[in-house]
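S.K.: This is the structure I have questions about; it appears just below.
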Amino acid sequence: MLYFWGLGVLYIQSTPPFEAPDESSHFLYIHNWLETGQLPVLEDRATVLGSGSAQRHHPPLYYGLGALLIAGTDRNDLEDYLLLNPAGAPGVLTLGNQNVFLHSPTSPSAQTSLAIRVLRSFSLCLAAGRSGLFS
């Protein structure tokens with residue numbers, strides 16, 4: 001159990017924002033819901049994939065709970081976190097595979113960074129519950 005929590009916390013602290021698979025898409029689902037007050041709409045495949053929020057088809061319970069957790073954060077600089085790395089090779093396993101996004105040495109905003117860590121921590125708690133670590 002200690003290994004699970006230790007590795008989870010290490011992952012939360014050391015993985016650059018949105019470099020975990022689909023993390024940006026899940027975050028955008030919640031962020032857009034908070035910004036518009038509406039659940040995402042399923043559109044044609046090209047529009048959905050082009051939006052960066054491809055998880056629109058997922059049921060909203062996780063996202064609603066996540067929205068409650070980060071509603072008080074200021075995420076106005078989210079675009080600064082989503083600068084695509086022109087040298088990145090997402091979805092392709094290669095030697096020297098680069099990050100999907102460009103990252104500055106310091107986070108553009110402590111609030112957006114906090115929102116990311118809160119959602120990662122929430123996911124870690126859900127994973128611990130699912131694996132029986134709370135029983």
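S.K.: Does any residue of the range 50-68 turn out to be at pLDDT 85 or above and part of a loop (DSSP other than H, G, I, E, B)?
M.R.: yes
S.K.: Residue pairs, Cβ under 7 Å, 6 or more apart or interchain, first in the range 31-52 and closer than 15 Å to LEU65 by Cα, second surrounded by 10 or more Cβ atoms within 10 Å (Cβ to Cβ) and at pLDDT below 80. List them.
M.R.: ASN32/SER53
S.K.: Another question, if that's okay. Given (1) touching a residue at least 40 places away in the same chain (Cβ under 8 Å); (2) more than 20 Å from SER121 (Cβ to Cβ), where does LEU65 come up short, assuming only one miss?
M.R.: Tallying (1) touching a residue at least 40 places away in the same chain (Cβ under 8 Å); (2) more than 20 Å from SER121 (Cβ to Cβ), LEU65 fails exactly one: (2).
S.K.: Of all residues being in a helix (DSSP H, G or I) and polar (S, T, N, Q) in the range 13-39, which is nearest to the chain's Cα centre (by Cα)? Just the residue, please.
M.R.: Ranking the qualifying residues of the range 13-39, first place goes to SER24.
S.K.: Which residues, taken from the range 21-49, are touching a Phe, Trp or Tyr at 6+ places or on another chain (Cβ under 8 Å) and at pLDDT below 85?
M.R.: Hit for the range 21-49 is PRO40, nothing else.
S.K.: Across the range 1-58, which residue is farthest from ILE116 (Cα to Cα) among those that are in contact with a Ser or Thr (Cβ under 8 Å, 6 or more places away or on another chain) and hydrophobic (A, V, I, L, M, F, W, C)?
M.R.: Ranking the qualifying residues of the range 1-58, first place goes to PHE4.
S.K.: I've got another one for you. Does the range 40-47 contain any residue that is under 13 Å from the mean Cα position of the chain (by Cα) and part of a helix (DSSP H, G or I)?
M.R.: Within the range 40-47, not a single residue is under 13 Å from the mean Cα position of the chain (by Cα) and part of a helix (DSSP H, G or I).
The values are calculated or read from the model by the stated rules, or taken from the named source; none is laboratory data. The model shown is predicted, which means the values in this text are computed figures rather than measured ones. With ideal geometry, Cβ positions are generated from the backbone for all residues, glycine too; neighbour counts draw on all protein chains shown.
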